[in-house]
Amino acid sequence: MVKKNACIFISGKGTNLSNLIKKSRDYNFPINIRLVVTNNKEAKGIIHAKKNSIPYIVINTNSRYFENQIITNLNIHNISFICLAGYMKIISKNFLKRFRKTIINIHPSLLPKFKGLNTFSRILKNKEVKTGCTVHYVNEKLDEGNIINKKSFFITKQDDEAKLKYKTQKLEYFAFPEAIYKIFKDN
Ligand code: GRF
C-alpha cells in the first residue's frame, strides 16, 4: 500500500496527534505523518512531533503571509492530506482553493449540533441525552462539511464539563483513525 503523506494541524495538547502517530506505524494505516503545523508556539502537542522526529512549523497567524508559509511547507513535504486535530483557527476560502486536496476535522459534538466553541457547557445547558464526536470534511463553513464518522455515548447525571471532555476524547481516538481508514479504503 502506498501511504499518503499527511500533515496534522494542532493548537493545544495534541493527544489526537499522538494517537494518529501511533496508528500510522501500522503498515495498513493509510497515512504517514510527515509534518505538524501549529499556530501556537506554546502548544504542548509539539512534544509529540519532536519525540517522533516529525518536522513541525510554528506559524505566526498575525502575519499576512502565514498561509503562504504553510502552503510552501506542505509542498516541500509533498503533503496530500490534512487532519485538523484541535486547530483553533478557521481555514480560509483562499487556503482551501490553494490546497485543493482533502482536509478533515474532528469536532467534540454530534454535528450538526453544537458547532463552534464551548461545546461541553452548551451540551450540558441544553440537557442533551447523548453526545460524542464527529469527523467531517472541511469546507468554507465552520464545522459543516460532509460527515465521515460519528461516535456517541449517553450523558449521565454525574457528567460535568471535564467528564464530558474526557469521555468524548476517548471516543475521538477511535473515530479519527476509523474515518481515515474509511476515506482511503477504496484507494
Ligand atoms: C479535541 O477534543 C477535538 O475534538 C477538538 O479539539 C480537541 C483537541 O484535543 N477539535 P487534543 O489537542 O488532540 O488533545
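The values are calculated or read from the model by the stated rules, or taken from the named source; none is laboratory data. Note that this is a predicted model, so its numbers are computed, not measured. So basically every Cβ, Gly included, is an ideal-geometry build from the backbone, and we count neighbours across all protein chains shown. These accessible areas exclude ligands, DNA and RNA; they are computed on the full protein's heavy atoms, side chains included. Shrake-Rupley method; radii C 1.70, N 1.55, O 1.52, S 1.80 Å.
Taking all protein chains together and a probe of 1.4 Å, list ARG25, ARG100 from the most accessible to the least accessible.
ARG100, ARG25
With +1 on each Lys and Arg Cβ and -1 on each Asp and Glu Cβ, how big is the dipole of segment 4-186 about its Cα centre, in debye rounded to the nearest 20?
So the dipole magnitude of segment 4-186 works out to roughly 80 debye.
Once you've got the Cα coordinates, tell me which of LYS50/LYS115; LYS97/LYS151; LYS113/LYS167; LYS115/LYS167 are over 27 Å apart.
Listed pairs above 27 Å: LYS50/LYS115; LYS97/LYS151.
Calculate, in nm to one decimal, what LYS89 and TYR137 gain on full extension: separation in residues at 0.36 nm each, minus their alpha carbon distance.
Between LYS89 and TYR137, full extension yields 15.7 nm more.
Over segment 61-141, what relative contact order in percent results from Cα pairs under 8 Å that are six or more residues apart?
About 31 percent, as a whole number.
Students often check this: by mean Cβ neighbours within 10 Å, which of 3-16, 159-172 ranks highest, and how do the rest follow?
The most tightly packed comes first, giving 3-16, 159-172.
Set the Förster radius R0 to 30 Å, insert the Cβ-Cβ distance between GLU144 and GLU42 as r into 1/(1 + (r/R0)^6), and round the FRET efficiency to 0.05.
Working from the Cβ atoms, E equals 0.55.
From the square roots a ≥ b ≥ c of the eigenvalues of the alpha-carbon gyration tensor of segment 26-104, which class results: rounded (a/c under 1.5), prolate (a/b over b/c), or oblate?
In terms of gyration-tensor shape, oblate.
Above 21 Å lies some portion of the pair distances; for segment 4-186, what is it as a whole percent of all C-alpha pairs?
49 percent
Please report the carbon-and-sulfur percent of the accessible area for segment 17-63; probe 1.4 Å, protein heavy atoms only, DNA, RNA and ligands left out.
44 percent
Evaluate the relative contact order of the chain (contact order divided by residue number), counting alpha-carbon pairs under 8 angstrom at least 6 apart; express in whole percent.
19 percent
Work out the FRET efficiency for LYS170 and ARG25 from their Cβ-Cβ distance, taking R0 = 30 Å, and round it to the nearest 0.05.
0.90
Apply 1/(1 + (r/R0)^6) to the Cβ-Cβ distance of SER80 and LEU117, taking R0 = 35 Å, and write down the FRET efficiency to the nearest 0.05.
It comes out at approximately 0.75.
So with the 1.4 Å probe, I'd like the accessible area per residue for the chain, rounded to whole Å².
Heavy-atom SASA per residue in the chain reads 57 Å².
Rank VAL129, VAL58 by accessible area, highest first, at a 1.4 Å probe radius?
Largest to smallest exposure gives the sequence VAL129, VAL58.
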